[in-house]
There are 2 protein chains.
Amino acid sequence: MTLRAALEPRSIAIVGASDNPHKVGGRPILYMKRYGYRGAIYPVNPGRAEVQGIKAYASIGEVPEAPDLAVIAVAGDEAVRAVEDCARCGVKVAVVMTSGFGEVGAEGKAAQERMAASARAAGMRLVGPNCQGLANFATGAVANFSTIFHEIEARDGPVAIVSQSGACSQAIYILARQRGLDVRHVHATGNEADVTVADLAAEIVQEEGVRLVLLYLEAIQRPEVLARAAEFARGRDLPIVAVKAGRTASGVKAASSHTGALASEDRVIDAFFTRHAIWRAADPQELVMAGQLYLNGGRPKGRRFVAVSNSGASCVMAADAAEELGLELPDFGEPTQARLRAALPTFATPANPLDVTGAILGNSGLFGSVLPILGEDDVCDLLMLAIPVAGAGYDVPRFARDTAEFRHRFGKSVAVAAPQAEVRLEFEKLGLPAFAREREAMAALRQLAGHSDWLRRKPARRAPAPVARFPAGSEQFLNEFDSLSLLAQAGIPVVEHRLCRDEAAARAAYRALGPKVVVKACSSSIPHKTEQGLVRLGLQSEEEVAQAFRDFKPRLPPEDGVLVARQVAGRRELALGARVDPLFGPVVLVGDGGIYLEALKDFRLLLPPFNEADALGALSELRVAPLFEALRGKPALDKSAVAHMAVALGDAMLGWGGTVASVDVNPVMVFDSGAGALAVDALIERAGAAPAP
Amino acid sequence: MTLRAALEPRSIAIVGASDNPHKVGGRPILYMKRYGYRGAIYPVNPGRAEVQGIKAYASIGEVPEAPDLAVIAVAGDEAVRAVEDCARCGVKVAVVMTSGFGEVGAEGKAAQERMAASARAAGMRLVGPNCQGLANFATGAVANFSTIFHEIEARDGPVAIVSQSGACSQAIYILARQRGLDVRHVHATGNEADVTVADLAAEIVQEEGVRLVLLYLEAIQRPEVLARAAEFARGRDLPIVAVKAGRTASGVKAASSHTGALASEDRVIDAFFTRHAIWRAADPQELVMAGQLYLNGGRPKGRRFVAVSNSGASCVMAADAAEELGLELPDFGEPTQARLRAALPTFATPANPLDVTGAILGNSGLFGSVLPILGEDDVCDLLMLAIPVAGAGYDVPRFARDTAEFRHRFGKSVAVAAPQAEVRLEFEKLGLPAFAREREAMAALRQLAGHSDWLRRKPARRAPAPVARFPAGSEQFLNEFDSLSLLAQAGIPVVEHRLCRDEAAARAAYRALGPKVVVKACSSSIPHKTEQGLVRLGLQSEEEVAQAFRDFKPRLPPEDGVLVARQVAGRRELALGARVDPLFGPVVLVGDGGIYLEALKDFRLLLPPFNEADALGALSELRVAPLFEALRGKPALDKSAVAHMAVALGDAMLGWGGTVASVDVNPVMVFDSGAGALAVDALIERAGAAPAP
């Protein structure tokens, strides 16, 4: 576990130590002194006997012990040599702040690789290059030159920030501190020649004092490391929130010029995060938004939301936002309404959201009267108190006390919203999270509820691998018969069909499968048969089938036949697919089907193994989801059957273990609830075959 | 123009004047003194000779002149009597602060109506009841008891706030002042027994000094008043931004218990705002967000967006957000790249977003070097400077000067983003809008560009009314033949069809319209014929048609016939519709069609008259819009033809002038680009007929 030395080094050398506390080589010394680092500090500078009042050494070799950690703050080739020296001396972790490597082209990349190689050879871990470094405010080990620890005094606390970008690590730190969060770890990994954000996260999630982990990522190099970290964190109810930038095509392009990050399709990231209960934030502000709510310890059981305000307008807007954010807005039962009616002025309505009206001016105890009613009657999981205006005559400290008492007594998750900083302050003093904007308070509560749900979930286990009687061959694609057979073996219901090698067989197939059938060429060399005119739909006589056979057969390689399948019409055509992502492995797609799948992009991805509930969740997020429900006198569609197929396909992808590159089942015919779903077309691509031209 | 007296009263009486400057009847006097009101102030209080040092009167009748405006700050029935007294004395505007009227049930509503009636009879305008009143900081006429003018000193400026809700008027005021906006008008209209937000807005848009109008609405009682105000404002390039709360079902429910607001379908509001160039904000924060950008005078011609930052991460996130917000991210041409390359350190990439890198620490003039290149080469309409972190070593005042110089010299719209308040302050000092959040800065720029575009647009003019040979009758629905005829007269292409009253005619119709036809019952008494089994599709022989005729005819009233229409298959089935909204009048719908229109809700509404560009804009916002483009080897769909049909339907709705309640054209068959679109089914509902059971 050499990475432990990155986080808790017992001794730190600074190669290129500077007497100027605001130079790259000076800041770590300034910060370690300021933040009470108790280990040994060894400035290395051949030109000085002392640096910032501490005895200096001419080279890393002269330092009296092999330091756990060495900061490299010398320029260009000197940095490469310094890394080699450190490796030789038994340093456990080198933090290379120097830039001008992988981010500036081929030559820099080569130098970076040399640096990494010499570290690897010696078993030394390398952070950076081109990084702002590591900071641990529990120990004062600040091997980091970020400006911001000079501007905003650090305070050890339960939050850890790990970021590829140095500037972003500081921006997140600023925002976290503005939100009243105390931060223990601030690490920036830069070019990630060796140590990645995920590596550090995997170490940090094991620290008992850490209760919230915030990540900024542009690339996920080894998803399995992050996955393990996330599962460990889930095991101890430790939330991880992450910004993964480069979510759009433009963002990916910008990211590659920033850190040379590898791109995966963005929805795979969503699927990965969902699977591992990592909540995704759009930007640093969203990253810290729910921080206090997490740390307050609340893990709401549901999304029942109540808003309480002294303004009717806030109530109307809260109702709007609740619906948009997917919060439930429960109606109060009659007993609760009666109790509220007794507590409120006669002209107030005991409804949710609850407007206590301007009467709060005459009766400062009004919030204190209604909140316990909401708590005792257990009407909500989440509560927002919105105070859009206050001033002379408003007893805000009392409002804050009453709210804190409510949270304390009933264990509900509470957020306050008030545009006036002085109003928020009264609540913040009592540890209540306060937001300038009502919508943000609600979004934070929504996040807490959603993430709590993810953290409670048991991740799906891998099912027993299906028997993989995989047809031999080297063609890129399996023919449709083989594709359907493999799916059927995997437990996916497929349309009834026969492979016919002569006309008599085709005629017999019609007699068995008619009155309406489809005839298709079945050849591994013709994966896209529709475009070749080798599909006939809706054939209704033996003669038509025989004709189709006679027309198609001569156009196929001699060993290939023709597929006759029962023609079925489902209520809706969906699509199912799978492919192997180079980084994330098998990925399953469920979506609205047909030829417009790619144009409309109404699909979701899932990472196997997953279970039926996960698949149903993905289906419910499709834009066409309303069509799955009972509608216009028609019964609901068989969502469960589709979910079941998706789970089977996911398990199969794992079971096939890299033999299959992609699976395309489009369309999947879906029938009425209880009547199932059927794969009516299938195309399986072998792994390792030459790609399609 | 008695409402002018509401905004610039020459004299103000306060009925129920209080010596306590923090009571409802005391605050207006406190504020008028503080904010330099020069007109006469007449406190009315039978128990005092003086109120807050000003001579008081026992009754409104004893005031030496009829005051322009009277504040009513007495309780309950006394307020009703005070309104009557004011009306009798010739007061021009009464501002009734008293609550307990329309918002508390039937009895209160009746009292409110009596109050309004006595005002109406005397030609006196009534603001409120249950309102916080009117405030004009240009004149100091503050007939308003809001707490906030005591908490945050008002400063006359170019912004006007008009809100139904008093608390919300204050919240908006707080946020506007936090954003550095100086506010002239703050009005809250409460129950709107007479004067509405729209009435006041219509007056305010005529004030030359007003350059930004912010509205909060829960109901739009008379859209035509707001429409006129908006068109006047558009004529002078005056932006109006509005929150219309109650956008969701839950919000509407909450709003009705707040001010008894009438509900219209929310998308009609969107259509209305779009038509009249009113930008819609989700909440008070969004309402003020772009304020400074508007006031800076920029009206960008397009959405070409450039981001400049000292952080690569900010650049990546800006690229993501640009794509999500619909901002264009232009590539720099080679000459610009060359100039940037010369200005930037070698390891920087001259791409958009532009990362000047940490080199800004060594060269504080770097922003000042690159910004003029971007300006001279005219590469953008909108620019964001993002500084996620600064501190010792960052010459922020210089960054601010260079940015201000750029804006001044090139007239571009510029927003700054920095999470540190002290960084923002340097820019704000120079009048540059600064945001804590990059995404918000970008959203504000996006709003400015979009709204500028709307403000430049000429509103569509009403086309000459089509000849309305409307069939006589009293049935709720026209039969399909009459419906199609009316549409055809209105210039909407309809499928070729014949009305057949005997079998011979049906046979002749087949010969004329075959080889494939549809046969449908055609009766005004059977509007939903499919459900009755009175439609046959895909008939391919004269005999089948004759059989359908024989089957259908006996099931129809004797005067009705059978429609035979050519069966056409478009590439896509869309839907077109129209109805008369009780508040907004004719509304046209364009959307993805078929029976799932209502479940999928993939449609947009337009208020006629509108032109083809408006209709194309609405089509482009549909989720199915990607299918309109050339795709998978198929040509684009004929969007123009659909847009043309929508325009014709809108003009027809205006031309029919209230004869028609609704029109349903579903499906509209759309063909390849150039090949048009056809109405293949139509159902027109008469206005004023008994509603369907």
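List of remarks:
- A:Ala441 part of a helix (DSSP H, G or I), surrounded by 23 or more Cβ atoms within 10 Å (Cβ to Cβ) and in contact with a strand residue (DSSP E or B) (Cβ under 7 Å, 6 or more places away or on another chain): yes
- Qualifying residue in the stretch A:97-106 (condition: modelled with pLDDT under 95 and surrounded by fewer than 16 Cβ atoms within 10 Å (Cβ to Cβ)): yes
- Qualifying residues in the stretch A:150-166 (those that are out of contact with any Asp or Glu (no Cβ under 6 Å at 6 or more places or on another chain) and buried (at least 24 other Cβ atoms within 10 Å of the Cβ)) - the one farthest from the other protein chains (Cβ to nearest Cβ): A:Ala160
- B:Ala40 vs. criteria of a type in the set (Gly, Ala, Ser), surrounded by 15 or more Cβ atoms within 10 Å (Cβ to Cβ) and at pLDDT 95 or above: yes
- Scan of the stretch B:552-584 for residues that are in a strand (DSSP E or B) and of a type in the set (A, V, I, L, M, F, W, C), ordered by number: B:Val562, B:Leu563, B:Val564, B:Ala565, B:Leu574, B:Ala575, B:Leu576, B:Ala578, B:Val580
- For the stretch B:399-431, the set of residues classified as of a type in the set (Val, Ile, Thr) and either part of a helix (DSSP H, G or I) or modelled with pLDDT under 95 (or both) consists of B:Thr403, B:Val423, listed by residue number.
- In summary, B:Val389 fulfils each of the numbered conditions (1) in contact (Cβ under 8 Å) with a residue 40 or more places away in the chain; (2) away from chain A (no Cβ under 13 Å); (3) assigned to a loop (DSSP other than H, G, I, E, B); (4) of a type outside the set (Gly, Ala, Ser) with the single exception of condition (2).
- Going through (1) modelled with pLDDT of 95 or more; (2) within 43 Å of the chain's Cα centre (by Cα) one by one, A:Pro527 falls short only on (1).
- Failed condition for A:Ser165, given (1) farther than 20 Å from A:Val71 by Cβ; (2) touching a strand residue (DSSP E or B) at 6+ places or on another chain (Cβ under 7 Å): (1)
- Of all residues in the stretch B:467-478, none satisfies being out of contact with any strand residue (DSSP E or B) (no Cβ under 8 Å at 6 or more places or on another chain), outside any loop (DSSP other than H, G, I, E, B) and buried (at least 20 other Cβ atoms within 10 Å of the Cβ).
Yes/no matrix, rows are residues, columns are (1) in a loop (DSSP other than H, G, I, E, B); (2) touching a Ser or Thr at 6+ places or on another chain (Cβ under 6 Å); (3) within 30 Å of A:Pro284 (Cα to Cα); (4) touching a residue at least 40 places away in the same chain (Cβ under 8 Å):
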| site | (1), (2), (3), (4) |
| --- | --- |
| B:Ala449 | no, no, yes, yes |
| B:Trp454 | no, no, no, yes |
| B:Ala463 | yes, no, no, yes |
| B:Ala488 | no, no, no, no |
| B:Arg511 | no, no, no, no |
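- The helices (runs of 4 or more DSSP H) found entirely in the stretch A:1-90 that carry 2 or more residues being away from chain B (no Cβ under 14 Å) and not aliphatic (A, V, I, L, M) are A:27-34, A:76-89.
- Checked against (1) surrounded by 20 or more Cβ atoms within 10 Å (Cβ to Cβ); (2) modelled with pLDDT of 95 or more; (3) more than 41 Å from the chain's Cα centre (by Cα), A:Glu544 passes all but condition (1).
- Cβ pairs under 8 Å, 6+ apart, first in the stretch A:344-369 and on the phi > 0 side of the Ramachandran plot, second aromatic (Phe, Trp, Tyr): A:Thr357/A:Phe347
- Flag if B:Ser523 is under 15 Å from B:Ala679 (Cα atoms), of a type in the set (Ser, Thr, Tyr) and buried (at least 23 other Cβ atoms within 10 Å of the Cβ): no
- Test result for B:Gly190, touching a Cys at 6+ places or on another chain (Cβ under 7 Å) and assigned to a loop (DSSP other than H, G, I, E, B): yes
- Where A:Ser257 falls short, out of the listed (1) surrounded by fewer than 23 Cβ atoms within 10 Å (Cβ to Cβ); (2) under 21 Å from A:Ala167 (Cβ atoms); (3) within 11 Å of chain B (Cβ to nearest Cβ); (4) modelled with pLDDT of 75 or more: (4)
- If only residues of the stretch B:601-627 that are without any contact (Cβ under 8 Å) to a residue 12 or more places away in the chain and under 15 Å from A:Tyr596 (Cβ atoms) are counted, the one that is farthest from the other protein chains (Cβ to nearest Cβ) is B:Ala625.
- Selection of the stretch B:283-317 for residues being surrounded by fewer than 22 Cβ atoms within 10 Å (Cβ to Cβ) and facing chain A (nearest Cβ under 7 Å) yields only B:Gln285.
- The residues on offer are B:Leu607, B:Leu631, B:Leu589, and the sole one that is surrounded by 21 or more Cβ atoms within 10 Å (Cβ to Cβ) and within 30 Å of A:Glu621 (Cβ to Cβ) is B:Leu589.
- Test result for A:Arg409, in contact (Cβ under 8 Å) with a residue 60 or more places away in the chain, within 16 Å of A:Gly298 (Cα to Cα) and surrounded by fewer than 23 Cβ atoms within 10 Å (Cβ to Cβ): no
- Tabulated pairs, the stretch B:192-205, first farther than 13 Å from B:Leu126 by Cβ, second assigned to a loop (DSSP other than H, G, I, E, B) and among the charged types (D, E, K, R), C-beta under 7 angstrom, 6+ apart or interchain: B:Ala198/B:Arg222
- Restricting the stretch A:318-355 to residues that are at the interface with chain B (Cβ under 8 Å from one of its Cβ atoms) and among the β-branched types (Val, Ile, Thr), the residue that is nearest to A:Ala441 (Cα to Cα) is A:Thr349.
- Yes/no for A:Asp381 being of a type in the set (D, E, K, R) and closer than 28 Å to B:Val243 by Cα: no
- Taking the criterion of being under 20 Å from B:Val210 (Cβ atoms) and of a type in the set (A, V, I, L, M, F, W, C), the residues of the stretch B:1-54 that qualify are B:Met1, B:Leu3, B:Ala5, B:Ala6, B:Leu7.
- On the stretch given as the stretch A:127-149, residues that are within 11 Å of chain B (Cβ to nearest Cβ) and among the aliphatic types (A, V, I, L, M) total 1.
- Within the stretch B:167-182, the set of residues being more than 21 Å from the chain's Cα centre (by Cα) and either among the hydrophobic types (A, V, I, L, M, F, W, C) or more than 8 Å from every other protein chain (Cβ to nearest Cβ) (or both) comprises B:Ala167, B:Ile174, B:Arg177, B:Arg179, B:Gly180, B:Leu181, B:Asp182.
- Restricted to the stretch B:322-342, and to residues there that are surrounded by 19 or more Cβ atoms within 10 Å (Cβ to Cβ) and of a type in the set (A, V, I, L, M, F, W, C), the residue that is nearest to A:Gly105 (Cα to Cα) is B:Leu340.
The values are calculated or read from the model by the stated rules, or taken from the named source; none is laboratory data. These numbers come from a predicted model, not from an experiment. Cβ coordinates were reconstructed from backbone atoms using ideal geometry, including for glycine residues, and neighbour counts include every protein chain displayed.
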